[in-house]
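S.K.: Please read through the structure below; I'll follow up with questions.
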Amino acid sequence: MTAYNKISIYLLAFLMSFGFIGCNKGELVEEQEQLARITFRTYTGEHLNIKKISINGEFTRPDGTSFLFFVDKKDSADVVAFDDKDNKLIQQRLALKRGSNVFGVYPKSPLDPTLVVGKNPLETGVAPEGTYQVKILNYNKIISPNGEPIRLAIYKGTMVFDEVSGWEQIFFEEEPLVTTDLITDQIPEYFIQIPRTTFYKATVLDKDGNPLLLDGQNVYIYPRLGVLQDFKFAIMYLPNKEADVIFEEDWFNMVDGLGFELFDVWLKK
């Protein structure tokens, strides 16, 4: 082999090696441009037990509490998140992009702990001092057998000593503090603002604002807002249970209808 041929072969090999290096660098840059990260956070600050996720059926690589993946040309993908026992925590189609993808999550309902990506149900403005900010859900099948929406007319009460009877009694104002919008098993948009006092009674109304009667009796709900303590915002719910209030607030007044306690708190901050 002549010296000329040897030089030609070496030169060709040298140029080909540059071609391979160029392709590898191009692929690396393209992969870096497509690299993305997905992170889930709770609105209440609680720990999430998400150990792995899949995107369009392919599992991604964990990086601490985040997950790395490559974005394809689609704008959204089917995302499934699993806990450490392979239970599905999230199954939702989400919009994804290059870089950071941070999603806020909350439980689907008080009866379903699986998570939903969506708007913060506790998000609101600044709460005035001395008020409760409450949303109410209704899961009671006695009050709403077929999931019918209800309203609540909420009355403020005052403890008064009756000199004639020698008993203390709770007297409720004639006009309600507030009459709520429709209440169902879905999260309402707005909070109910109520002053931080002790005694409340709510008359249950139908969706048209008329008193709801069950077997000819009025229906009352007694919000035990003291369970909220120092929390300014809360979502409470009425579970499916029988009427359980006979006397208002520790045996002071007899309830003249069906009474239900409201003290179950779902989300709070």
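The values are calculated or read from the model by the stated rules, or taken from the named source; none is laboratory data. No experiment lies behind these values; they were computed from the predicted model shown. Cβ sites come from the backbone with ideal geometry, for glycine too, and all protein chains shown count toward neighbours.
S.K.: Keeping to region 62-114, report how many residues are part of a loop (DSSP other than H, G, I, E, B), in contact (Cβ under 8 Å) with a residue 12 or more places away in the chain and under 13 Å from residue 50 (Cα atoms).
M.R.: Of the residues in that region, 3 qualify.
S.K.: Could you tell me which residue of region 38-69 is surrounded by the most Cβ atoms within 10 Å (Cβ to Cβ), considering only residues that are out of contact with any Asp or Glu (no Cβ under 8 Å at 6 or more places or on another chain) and of a type in the set (Val, Ile, Thr)?
M.R.: 38
S.K.: Looking only at residues in region 138-153 that are part of a loop (DSSP other than H, G, I, E, B) and among the hydrophobic types (A, V, I, L, M, F, W, C), which one is surrounded by the most Cβ atoms within 10 Å (Cβ to Cβ)?
M.R.: Among those residues, the one meeting the criterion is 143.
S.K.: Go through the residues of region 93-107 one by one and say whether even a single one is farther than 28 Å from residue 266 by Cβ and of a type in the set (D, E, K, R).
M.R.: yes
S.K.: Follow-up question, since we're still on this one. Please work out if residue 49 is in contact with a Ser or Thr (Cβ under 8 Å, 6 or more places away or on another chain) and at negative phi.
M.R.: Spelling it out, it is not the case that residue 49 is in contact with a Ser or Thr (Cβ under 8 Å, 6 or more places away or on another chain) and at negative phi.
S.K.: Now for a separate question. Kindly indicate whether any position in region 125-137 is surrounded by fewer than 16 Cβ atoms within 10 Å (Cβ to Cβ) and at pLDDT 90 or above.
M.R.: no
S.K.: Further question on the same structure: Of the numbered conditions (1) in the same structural domain as residue 198 (by TED's automatic domain parsing); (2) surrounded by fewer than 20 Cβ atoms within 10 Å (Cβ to Cβ), residue 109 satisfies every one except a single condition; which is it?
M.R.: Checking residue 109 against (1) in the same structural domain as residue 198 (by TED's automatic domain parsing); (2) surrounded by fewer than 20 Cβ atoms within 10 Å (Cβ to Cβ), the one that fails is (1).
Yes or no, residue by residue, for (1) surrounded by 18 or more Cβ atoms within 10 Å (Cβ to Cβ); (2) touching a strand residue (DSSP E or B) at 6+ places or on another chain (Cβ under 9 Å):
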{"site": "217", "(1), (2)": "no, yes"}
{"site": "227", "(1), (2)": "no, yes"}
{"site": "234", "(1), (2)": "yes, yes"}
{"site": "237", "(1), (2)": "yes, yes"}
{"site": "251", "(1), (2)": "no, no"}
{"site": "263", "(1), (2)": "no, yes"}
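S.K.: Tell me which strands (runs of 3 or more DSSP E) are completely within region 169-269 and hold 2 or more residues being under 27 Å from residue 122 (Cα atoms), or say none if there are none.
M.R.: By residue number, 192-195, 199-205, 217-223, 233-238, 253-262, 264-268.
S.K.: Would it be correct to say that residue 184 is over 19 Å from residue 109 (Cα atoms) and within 28 Å of the chain's Cα centre (by Cα)?
M.R.: no
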